[in-house]
Amino acid sequence: MNVRNRMEIAVTPHAVRLIAACPVDEVVVGSGVAGLSVRYEVTRPGSSVMVLGCGPAV
């Protein structure tokens with residue numbers, strides 16, 4: 001897994017299955033204003049971005 005910064009991350013088995021089932025180029029954790037702003041900034045033509053949040057699906 002390619003991590004762009006030095007933060008340590010913990011990946012649960014459920015998250016591994018989700019990411020394996022839906023291969024994407026970028027994953028953003030958080031669907032608030034900051035998370036959606038990051039999604040907007042990292043999206044490139046032809047790329048796919050998954051936004052994970054704990055609220056209802058939009």
| query | Residues in segment 34-56: is at least one modelled with pLDDT under 80 and over 13 Å from the mean Cα position of the chain (by Cα)? | reply | yes
| query | Which residue pairs have Cβ atoms closer than 8 Å, lie 6 or more positions apart in sequence or on different chains, and pair a first residue in segment 16-27 that is under 12 Å from VAL42 (Cα atoms) and of a type in the set (A, V, I, L, M, F, W, C) with a second residue that is modelled with pLDDT under 80 and assigned to a helix (DSSP H, G or I)? | reply | VAL27/ILE19
| query | Does any residue of segment 5-15 turn out to be touching a Gly at 6+ places or on another chain (Cβ under 9 Å) and either surrounded by 13 or more Cβ atoms within 10 Å (Cβ to Cβ) or modelled with pLDDT under 70 (or both)? | reply | no
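The values are calculated or read from the model by the stated rules, or taken from the named source; none is laboratory data. Please read all numbers here as calculations on a predicted model, not as lab measurements. Using ideal geometry, Cβ is built from the backbone for each residue, glycine included, and neighbour counts are taken over all protein chains shown.
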